[in-house]
Amino acid sequence: MASTAQPVAPGITAKTPRRRTGPSGATPPAAGPQAPAREARRIPRFVWALPPVAVLALVFLYPLALVVQQSFSPDEGGTSIAPYGDVFASASFRSALTTTVWLAVGSTVGCLVLGFVLAMVIAFVPFPGGRAVAKFIDVFLSFPSFLITLALLFIYGNVGLANGAWTDLTGASSGPFDFLTTPWGVLLAEITYFTPFVMRPLLAAFSQLDSAQLEVASSLGAGPARIVRQVILPEALPALAAGGSLVLVMCLNEFGIVLFTGAKGVTTLPMLVYSKAILESDYPAACVVAVVNIAISVGLYSLYRMVSRRVGA
């Protein structure tokens, strides 16, 4: 009977084909007809993102779109940029924009200076209860802004503790503290409330600072001011930038502090929106001011995110 083996050339050894094995040496099962069906049943990833995007669009983007649409809808009807021209030409808008900017910048500068000093004291000056104070800062961040304003009114208001103590001691009819209803009262309240937002990232940055650097600088004859300027401040600059950017954004949108202080002649952009919409029923003008406030806030928030990413890097 004739052999069916294939001839092999001289010098070449015939090899038998090997079956592929898995990592454990076992032969994997052959792909059956269920594999394509299983692949077809897989849900694309973008489908899982649709529910949260839909909720976000319904809760936030849709009302925002209505505000933008109303800002282009004058009372006479139709679509026009006339509301923007009327608002930008008004003295009340320019005054509110100027007041908002200088209060936000002044509060941010005050928070940076005060927060830097307090954070250094908590981080580098040992005293009883220092850890409790650091924990209280985290709790303070959850307080509403109007609560701080009410506390300041109880202390420095016309019938507050400070004026009451002054009248009891001197017999005067009124006390000397009458600044809470002025822009300086709003500035004090915002600095008091927003300073912990600067201290929190500073304390985190100081916790990563090697204390050996301070000891070496002190052993080489550097005084406290030089240590702060050349050792501590460079490490704190990223945290100061991140905290300052966040405080600036929040001060631009602060409404409760200005409202509860009852400051006379202090009209910020959020207060102007309230005045136009609630008191004057001028909804197109209120929406124009709101759009301008949103544009400024989004721009500054983008700056804050950029600074935060660089700090994280």
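Results, tabulated for the structure shown:
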read-out	value
Single residue of segment 45-60 satisfying the filter (more than 26 Å from residue 294 (Cα to Cα) and of a type in the set (Phe, Trp, Tyr)) that is modelled with the lowest pLDDT	46
Pairs where the first residue, in segment 138-157, is at positive phi and the second is part of a helix (DSSP H, G or I) and modelled with pLDDT of 80 or more, C-beta under 9 Å, 6+ apart	none
Only listed residue being touching a Phe, Trp or Tyr at 6+ places or on another chain (Cβ under 8 Å), among the polar types (S, T, N, Q) and buried (at least 16 other Cβ atoms within 10 Å of the Cβ), chosen from 181, 149	149
Residue in segment 162-173 that is in contact (Cβ under 8 Å) with a residue 40 or more places away in the chain, polar (S, T, N, Q) and assigned to a helix (DSSP H, G or I) present	no
Single unsatisfied condition, residue 182 versus (1) within 25 Å of the chain's Cα centre (by Cα); (2) among the polar types (S, T, N, Q); (3) under 30 Å from residue 252 (Cα atoms)	(1)
Lone unmet requirement of (1) in contact with a Pro (Cβ under 7 Å, 6 or more places away or on another chain); (2) within 28 Å of residue 239 (Cα to Cα) for residue 294	(1)
Residue in segment 261-277 that is surrounded by fewer than 22 Cβ atoms within 10 Å (Cβ to Cβ), part of a helix (DSSP H, G or I) and charged (D, E, K, R) present	no
2 or more residues in contact (Cβ under 8 Å) with a residue 24 or more places away in the chain and more than 29 Å from residue 256 (Cα to Cα): qualifying helices (runs of 4 or more DSSP H) within segment 46-135	91-124
Unmet criterion (only one of (1) part of a helix (DSSP H, G or I); (2) at positive phi) for residue 221	(1)
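The values are calculated or read from the model by the stated rules, or taken from the named source; none is laboratory data. Since this is a predicted model, take the numbers as computed values, not measurements. We place every Cβ from the backbone using ideal geometry, glycine too, and count neighbours over all the protein chains shown.
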